Every structure is written in C-alpha cells, then in structure tokens.
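**Student:** Just passing along the structure, written as structure tokens.
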Amino acid sequence: MSQELFEAARDAMKFAHAPYSKFPVGAAIRADDGKIYTGANIENLSFPQGWCAEPTAIGCMIMAGGKKIVEMAVIAEKLALCPPCGGCRQKIAEFADAKTPIYLCDAVGVQKTMTMEELLPFSFKTEILG
C-alpha cells in the first residue's frame, strides 16, 4: 500500500509549480473511500504565499467527497526525508487521527513512517470547540 502512495506522491511532484524556491514537493493521500488523492506545492509571485503539496491533496480529497486521511506519503526532490511543515501538520491532523501513518519518501521509496501523533504530539483537537 505504501509503495502505491509513494509512486503517486512522486508523480504528483512533477506538477509542482516552484519557480521561486526551486523546491518541488509531492503528496498523496489514501482516503476513507479507498481512493488516492494527490497534490504538489504551488507558489506564486508573492512568495511565500503559495501553498504546500499536503493541503493541495487534502483539497482534492474533500472536493471529491473523501472525509478522512487513512495514510499519506510526502516526497521532496531535494531532501532525503521531507516531513510536512508545521502548518501542514495541523491541516493533516484535521482529517487524520493520531495513528494515521505518514510515509516520508525519497527518490527510491518510503524511508521512514511516522504517525500523526509523532509528527504533531499536541495538535489542536476539533472536539474542544464543540
């Protein structure tokens, strides 16, 4: 399963629009509906006001009807391991649970697997607002 997500994230990275940072990133989500949703980082001239690969994939998932992240892969062309940034960690946590696996990949495949709890141990919990 993680191999399929790695390949989807790697393929998504090819669509990155990163003319300012020169740092393409790809992400792939397997959602609760069983489908894979992908995203790449997209920058604009008012750098760094673009958006990361992870929220791009989340947006695709939500717009297609997926509700929950079951597992996720992230890859960056220029880093051996590229964990999601802080803001993306909270965005992922909104649609994942503490045990959701996040695969950190390099050009060869998955190199490290972390849970959301390991990536963001003190995330905001949506139930506190209810």
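Computed from the coordinates by the stated procedures, all read-outs in this text should not be read as laboratory data. Note that the structure is predicted; figures quoted are calculated from it, not measured. Here the Cβ positions follow ideal geometry from the backbone for every residue, glycine too, while neighbour counts run over all protein chains shown.
**Student:** Can you sort 122, 6, 95, 15 by how many other beta carbons sit within 10 Å, fewest first? Spell out each step's value before the answer.
**Tutor:** Values: 122 6, 6 24, 95 20, 15 15.
Exposure proxy ranking, most exposed first: 122, 15, 95, 6.
**Student:** Dipole magnitude of region 36-130 about its Cα centre, charges +1 at Lys/Arg Cβ and -1 at Asp/Glu Cβ only, in debye to the nearest 20?
**Tutor:** Values: 8 positive and 10 negative charges, 21 e Å.
So the dipole magnitude of region 36-130 works out to roughly 100 debye.
**Student:** Short version: ³J(HN,Hα) in whole Hz for each residue of region 45-51, in order, from phi by Karplus 6.51 cos²θ - 1.76 cosθ + 1.60 (θ = phi - 60°), x for Gly and Pro, what are they?
**Tutor:** 4, 8, 3, x, 7, x, 9
**Student:** State to the nearest 20 debye the size of the charge dipole of region 1-84 about its Cα centre, where the only charges are +1 on K and R beta carbons and -1 on D and E beta carbons.
**Tutor:** 100 debye
**Student:** Something else now. Going by amide H atoms built from the backbone, whose H comes under 5 Å of the H on residue 96, apart from near neighbours?
**Tutor:** Under 5 Å from the amide H of residue 96: 69.
**Student:** Also, quick follow-up: Work out, in µm²/s and without decimals, the Stokes-Einstein translational diffusion coefficient of the chain at 25 °C, 0.890 mPa s, Rh from Kirkwood over C-alpha pairs. Please report the intermediate quantities before stating the final value.
**Tutor:** Numbers: Rh = 14.4 Å.
Approximately 170 µm²/s, per Stokes-Einstein.
**Student:** Which of 62, 102, 75 moves the most in a Gaussian network model of the chain with Cα springs under 10 Å?
**Tutor:** 62
**Student:** Ranking 21, 2, 46 by Cβ neighbours within 10 Å, fewest first, what do you get?
**Tutor:** Numbers: 21 14, 2 17, 46 8.
Least crowded to most crowded, the residues run 46, 21, 2.
**Student:** Ordered by residue, what ³J(HN,Hα) values in Hz, to whole numbers, does region 97-106 give under the Karplus form 6.51 cos²θ - 1.76 cosθ + 1.60, where θ = phi - 60° and Gly and Pro are x?
**Tutor:** 10, 4, 9, 4, x, 10, 9, 9, 10, 10
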